[in-house]
Amino acid sequence: SWPRSLGREAAAFRESLNRHRYLNSFPRENATAFYGINQFSYLFPEDFRAIYLRSKPSRFPRHPPEVQMSITNVS
Amino acid sequence: LPLRFDWRDKHVVTQVRNQQMCGGCWAFSVVGAVESVCAIHGAPLKDLSVQQVIDCSYNNYGCQGGSPLSALSWLNKTHMQLVTDSEYPFKAHNGLCRYFSSSQQGVSIKGYSAHDFSDQEDEMAKALLTFGPLVVIVDAVSWQDYLGGIIQHHCSRGEPNHAVLITGFDKTGSTPYWIVRNSWGSSWGVNGYAHVKMGANMCGIADSVSAVFV
């Protein structure tokens, strides 16, 4: 049911190349990530999001920080 | 904390899987955690059925999406016995929930925890060591183009949208990072894994963290 066509995939691929140039243009720190062509390069970001990014967010309670208690009054 | 730790080194993490065009990352992450925690407790490491979770977790939407927290809540409430992947194989689309007789051997969970560890990533690392691989939800928009290296830019914590499994961390280099198992096949990223900078809540990795108990 996905609206796939060669023209659309080619356009998405060209957009991917531009995106890779931008993503890789930042100063290359030690071991920083690099971006390029992979199996998702023929998808527009909105298509990628619609297919693969389908986890629904939930509210999580904060992890209780470790409480350090004084024991000076304990015999 | 050790400088480097990865549950893969203990042989308790199954191979990277491929969710194909199914939006079932939430199920892959949860099942991956259950597989590992069972193996950590001495059971043989085996692929459990993601399809069973996709088909049967009624409080989620199968390949149209879901939440790891809802899946864990469902597993915990129903004591659903997860069967192996070979008994209930992955089909990459929603199906009718198959039920098995009570004599069928399966794995159920005894509980789970779910917390926001933002600003507490060292505590999160301790939880990883204590409980096993952690299910997290990240903003993975920029992961579309990821090939390798440590993700430390272009990854906001705005809107979590993808569930993955943290199997370890590495603090030996100048940029400490989480070792994150994805479900987009082993040809994506670093053999199916991503490396995400630790200590900066990169991609919102510490905002929604769950551990499984078996």
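Coordinate-derived values only; no laboratory data. Just so you know, these numbers come straight off a predicted model, no measurement behind them. No Cβ is skipped: glycine too gets one built from the backbone with ideal geometry, and neighbour counts run over all protein chains shown.
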Can you tell me how segment B:168-214 classifies by the Cα gyration tensor, rounded, prolate or oblate, using a/c under 1.5 as the rounded cut? oblate
Nearest 10 degrees, 0 to 90: what angle lies between the long axis of helix B:68-78 and the longest principal axis of chain B (Cα atoms)? 30
Taking every residue in A:26-37, how many Cβ atoms of other protein chains lie within 10 Å of its Cβ, on average? 6
Cubic angstrom per residue, convex hull over Cα atoms of the protein assembly as shown: 151
Could you list, in their original order, any pairs among B:Lys91/B:Lys171; B:Lys77/B:Lys197; A:Lys56/B:Lys91; B:Lys77/B:Lys171; B:Lys10/B:Lys91; A:Lys56/B:Lys171 whose Cα atoms are separated by more than 28 Å? B:Lys91/B:Lys171; B:Lys77/B:Lys197; B:Lys77/B:Lys171; B:Lys10/B:Lys91; A:Lys56/B:Lys171
Ranking of A:Arg49, A:Arg8, B:Arg181 by count of other Cβ atoms within 10 Å, fewest first: A:Arg8, A:Arg49, B:Arg181
Spherically averaged projected area in nm², based on the convex hull that wraps the Cα atoms of segment B:108-165: 5.4
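Among B:Trp184, B:Trp74, rank each residue by its count of other Cβ atoms within 10 Å, from fewest to most, as a rough exposure measure.
B:Trp74, B:Trp184
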Which of B:Cys25, B:Cys97 has the fewest other C-beta atoms within 10 Å, and how do the rest follow up to the most? B:Cys97, B:Cys25
